[in-house]
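Worksheet for the structure shown next.
The values are calculated or read from the model by the stated rules, or taken from the named source; none is laboratory data. Owing to the predicted nature of the structure, the values given are computational and were not obtained by experimental measurement. Every residue, glycine among them, receives a Cβ derived from its backbone with ideal geometry; neighbour counts consider all protein chains shown. Accessible surface areas use protein heavy atoms only, side chains included; no ligands, DNA or RNA. Shrake-Rupley method; radii C 1.70, N 1.55, O 1.52, S 1.80 Å.
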Amino acid sequence: MTLPKPLLAFLAIFLMFLFFASLTEQQIVRDLANGLSYANFGKHEKSRLNAGQLENTTAQSPSQCCAKCLPNKSCFSVNFGGIGRNECQLLSANKFKSSNLMTIDETFQHFSVVVSKIFVKIFTLLYSFF
């Protein structure tokens, strides 16, 4: 049985959305009870995500800013920089789910969790069917 192309396209997009959403959520590991938390943040130069700020604090470095995000279960990305160059904004959204909120800002760097390259491979594979 062959499915019609519009239905295949819908299923492919739906599955990619589910896969993409699960990757961005799972890339932050928070096991606070055992003192373990980590994430692989990717740097986006001269960018700021204008999303809901959970907290606006200071940090001495981008890695210290990212570390402040980890214990907060609502935090998914950070903006670091600003005029004083040490502002740390903990955000409730990330670049991938709120890309329309990304802006160019010469004074900031945005850090979002890196999405696995397997997503790109699956998208390419699904796209080859059409």
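Quick notes on this one:
- Per DSSP, loop trypsin sites (Lys or Arg not before Pro) in the stretch 67-112 with at most 14 further Cβ within 10 Å: Lys73, Arg85
- For Cys69, solvent-accessible area (1.4 Å; no DNA, RNA or ligand), Å²: 0
- Solvent-accessible area of Leu101, all protein chains in place: 60 Å² (probe radius 1.4 Å, heavy atoms, ligands and nucleic acids excluded).
- The accessible area of Ile104, taken with all protein chains in place and a 1.4 Å probe, comes to roughly 150 Å².
- Within the shell of other residues whose beta carbon sits under 15 angstrom from the beta carbon of Cys88, the net charge comes to +1, with Lys and Arg scored +1 and Asp and Glu -1.
- Seen from Ser112, the other residues with C-beta closer than 11 Å to its C-beta sum to a net charge of +3, counting Lys and Arg as +1 and Asp and Glu as -1.
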